[in-house]
1. For the chain, what does the relative contact order come out to in percent, with C-alpha contacts under 8 Å and a separation of six or more?
2. Charges at C-beta only: +1 for Lys and Arg, -1 for Asp and Glu. How large is the resulting dipole of the chain about its Cα centre, in Debye rounded to 20?
3. Once the other residues with Cβ under 11 Å from the Cβ of Met4 are scored (Lys, Arg +1; Asp, Glu -1), what is the net sum?
4. Measure off 7 Å from each Cα along the Cα-to-Cβ vector at Thr160 and Val74, then give the distance between these two points in nanometres to one decimal.
5. Just to verify a number: FRET efficiency for Glu32 and Gln224, C-beta to C-beta distance, R0 = 45 Å, to 0.05?
6. Please list, in chain and number order, the residues 5+ apart from Met131 or on another chain whose amide H is under 5 Å from its amide H, with Hs placed from the backbone.
7. Identify the residues of the stretch 44-66 with backbone N under 20 Å of a label point that sits 7 angstrom from the Cα of Glu179 along the Cα-to-Cβ direction, or state none.
8. Once you keep just the Cα pairs under 8 angstrom separated by 6 or more residues, what percentage relative contact order results for the stretch 58-132?
Amino acid sequence: MTEMRIVSLVPSVTETLSAWNRTPVACTRFCERPDLLHVGGTKNPDIERIVELAPDLVVLDAEENRRQDHETLVERNVAVHVLDVRSLDDVNPLMSALADVVGAKWEPVELPAPIPERTRAFIPIWRRPWMALGQPTYGASLLSRLGVTNVFTDRGPYPTVELAEVIQRHPNVVLAPNEPYRFAARHLIELEKVAPALLIDGKDLFWWGVRTPGALARLAVVLQGL
């Protein structure tokens, strides 16, 4: 059987396909696979280069990628598979469906029972302007399963906010991921004007698929002290 030629335009998918031994022939520059051919970013893929590669399949995500790029690929007669992961509960069915398409096997993630609220959190994802993780999003869903109530549940998935507004929502903690904005120790003084702040691994919050079980375990450890 000829190996399937897959282009992944989603970092989570690239990581998952690699773990399944279905390594893409190309991916984005954000996929952390410097050994693979890169075909642009998630928001600006090189469509012409993708078409030249004659892939059997291009994998996209409705949130990560642009509708216009999907439409262009379809117009160019490129087979596409679109995921739409907005919740922890989406992971098992959507990864199982992807596995079926690429001839792999998905071992379902055993999701933990929901934990009662242990804290209220502000999760910044950008600075200048400030943006927050809202809902519906995979990251907020994952944290909710671990007992973290997101203080922004009423403004869509990624609202622009002001720190004064954040303070008025009375979070107990700031969980600052290192992506998409690279929050680091130097930002903690500013963030601690809102609430005590912790740095967390952004990939555990935003990359789903084979990373999900480990992300749940690692974040549970981080949150134990709250």
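1. On the way: 408 pairs, mean separation 35.1, N = 226.
Here the relative contact order equals 16 percent.
2. Numbers: 24 positive and 29 negative charges, 136 e Å.
Around 660 debye, computed over the chain.
3. Working: positive: Arg5, Arg22; negative: Glu3, Asp56.
My count for the surroundings of Met4 gives 0.
4. Each label point is offset 7 Å from its Cα along the Cβ direction, giving 3.0 nm.
5. On the way: r = 28 Å, r/R0 = 0.62.
Approximately 0.95, to the nearest 0.05.
6. Under 5 Å from the amide H of Met131 lie the amide H atoms of Ile125, Trp126, Val161, each far enough along the sequence or on another chain.
7. 44-46, 59-66
8. Working: 50 pairs, mean separation 14.8, N = 75.
Here the relative contact order equals 20 percent.
The values are calculated or read from the model by the stated rules, or taken from the named source; none is laboratory data. Note that the coordinates shown come from a computational prediction; the quantities given were computed from them, not determined experimentally. Cβ sites come from the backbone with ideal geometry, for glycine too, and all protein chains shown count toward neighbours. Just so you know, the surface numbers come from the protein's heavy atoms only, side chains and all, with ligands and any DNA or RNA stripped out. Shrake-Rupley method; radii C 1.70, N 1.55, O 1.52, S 1.80 Å.
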